[in-house]
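Beneath this line is the structure, given in structure tokens, with notes to follow.
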Amino acid sequence: MKLSSRKNRQEIFYNLILEINNHQINRILSMVTDEILIKSDGFGRRKGKIIVNNFLSEVFLSFPDFCMKPLTLCYSNNNHGIVMSEINVAGQQLGLFMGNPPSDKRFSINSVFVFEFDELMKVKMIRIYYDSKLMFRQLEILNV
């Protein structure tokens with residue numbers, strides 16, 4: 001499979017979003033490399049399938065209705081296998097999250113995700129850009 005195939009990257013991207021929205025951790029992990037790296041200012045760096053598995057478990061337990069809705073989608077102009085998307089991320093906090101008790105509050109924020117693929121079309125890095133203060137304010141989480 002060629003990295004430059006936008007159709008392949010688009011299909012993998014939408015399948016990944018579908019599995020995230022269905023909270024299918026094993027299927028999500030099958031679509032990423034063993035050394036997957038997730039980077040964001042609000043959540044720091046998460047590297048490796050075990051760490052990502054634990055993080056996703058916490059998110060899905062904390063936000064049983066957690067969902068991601070892609071708003072826009074674009075690709076890099078080179079063959080580096082990059083997909084960028086503006087995504088609305090939302091959920092209601094019904095469980096413990098980052099040491100904070102359930103607030104029963106909802107959050108909804110727009111964010112930018114950058115997905116980088118390897119030569120086998122597995123996601124090797126996800127960079128997330130969003131307003132973490134807005135999200136924590138909506139959840140009424142003060143100690144971050």
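Numbers for the structure displayed
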item	result
Length gained when the stretch SER30-ARG6 is fully extended (0.36 nm per residue, less Cα-Cα span)	6.6 nm
Dmax and Rg, reported as Rg then Dmax, of the chain (C-alpha, Å)	15.1, 46
Of SER76, SER85, SER111, the one that fluctuates the most in a GNM where the chain has Cα springs shorter than 10 Å	SER76
Percent of alpha-carbon pairs separated by more than 15 Å within the stretch 40-97	66
Qualifying aspartates and glutamates (Cα of each under 15 Å from Cα of LYS39; at least 8 residues distant if same chain)	GLU116, ASP131
VAL89 - accessible surface, heavy atoms, 1.4 Å probe, Å² rounded to 10	10
Partners for LYS105 among lysines (Cα-Cα distance below 16 Å; same-chain residues under 8 apart left out)	LYS133
Euclidean distance between Cα centres, the stretch 12-39 to the stretch 65-117, Å	12
Charge dipole (debye, nearest 20) of the chain; +1 at Cβ of Lys and Arg, -1 at Cβ of Asp and Glu	240
Between helix 49-62 and the chain: long-axis angle, C-alpha atoms, 0 to 90°, nearest 10	40
Residues whose placed amide H lies under 5 Å from that of ILE36, excluding near-sequence neighbours	GLY48, LYS49
Principal axis box of the stretch 69-116, alpha-carbon based, largest edge first, Å	44, 20, 9
Most fluctuating residue given options ASN54, ASN21, ASN88, as computed from a GNM of the chain linking Cα atoms under 10 Å	ASN54
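The values are calculated or read from the model by the stated rules, or taken from the named source; none is laboratory data. All values reported here derive from a predicted model rather than from experimental measurement. Don't worry about glycine lacking a Cβ; one is built from the backbone with ideal geometry, like all the others, and counts go over all protein chains shown. For accessibility, only protein heavy atoms count, side chains too; no ligands or nucleic acids. Shrake-Rupley method; radii C 1.70, N 1.55, O 1.52, S 1.80 Å.
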